[in-house]
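Reading through the structure tokens given below for one structure.
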Amino acid sequence: MARNPERRAALLDAAIEVLADEGARGLTFRAVDARAGVPTGTSSNYFNDRDQLLSQVGDRIFVRLTPAPDALETAMLPTPGRQLVLELMRWVARRLAAERTCYLGLFELRLEAVRRPELRTQLTKVLRSDLDENIRGHLAAGMPGDAATVRLLYFALTGLLLDHFTVPGLHGDRDLDDLIETVVARIVPEA
């Protein structure tokens, strides 16, 4: 098994692009090699099988989507309240839009997890950990609402981004920031 971490990351990034562009059915070693611009057979030197590739793609997506600790600390500086929740939700949406390929890849992984129990187990673990951390951070920061508030915000943002990336005209001329403002106003209690 090859051990060049930079090459592995490049192959995983190529796999994310293939997953986002062609779906899980298009994710083959040959497609990853072509997207990464490496000789055919390279990715099979880094991943034992397609299941391992899918699993590591999931890990790589979360590495790319996780903000730097200092960025999160800076985002949390204002006084806790509904307005800060709104700004944080918009910040998250902008970050995810900037990593559109990763987010689409994550949607594809979710669909593939329906058919692959091992991937479903791993993805559930990672997503649950992320959600638990968001709940913990929300409560520790003294933000308005409770764990249910964070879950509702998570459900709403996930749905909004799915619509935004897959059927952007669904909500007419309402932009994402306006939709997020409506969600926050309806879900987050006044402080």
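Computed quantities for the displayed model
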| read-out | value |
| --- | --- |
| Charged-residue dipole, Cβ positions (Lys, Arg, Asp, Glu), the chain about Cα centre, Debye nearest 20 | 560 |
| Helical contribution to [θ] at 222 nm, DSSP H n ≥ 4, -39,500 (n - 2.57), averaged over the chain, rounded to 500 | -24000 deg cm²/dmol |
| Spin-label model distance (nm) - THR74 vs ASP177, 7 Å beyond Cα toward Cβ | 1.9 |
| Additional length obtainable on full extension of the chain from THR158 to ALA9, 0.36 nm per residue less Cα span | 51.1 nm |
| Cα-based helix-to-principal-axis angle, 50-65 vs the chain, degrees rounded to 10 | 40 |
| Counted charge near GLU99, where neighbours are those whose Cβ lies closer than 12 Å (Asp, Glu -1; Lys, Arg +1) | +3 |
| Charge dipole (the stretch 1-63, unit charges on Cβ, about Cα centre) - positive-most of ALA14, THR40, VAL57 | THR40 |
| Cα-only Debye scattering, the chain: base-10 log of I(q)/I(0) at q = 0.10 Å⁻¹ | -0.47 |
| Stretch in the chain that is longest and holds no trypsin sites (Lys or Arg not before Pro) that DSSP places in a loop and that have at most 16 other beta carbons within 10 Å | 4-173 |
| Cα centroid separation, the stretch 1-37 to the stretch 71-100 (Å) | 30 |
| Within a Gaussian network of the chain (alpha carbon springs, distance under 10 Å), most fluctuating of GLY145, GLY137, GLY169 | GLY169 |
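Bear in mind these aren't lab numbers, they're just calculated from the coordinates by the rules spelled out. Keep in mind that this is a model prediction, so the values were computed, not measured. Don't worry about glycine lacking a Cβ; one is built from the backbone with ideal geometry, like all the others, and counts go over all protein chains shown.
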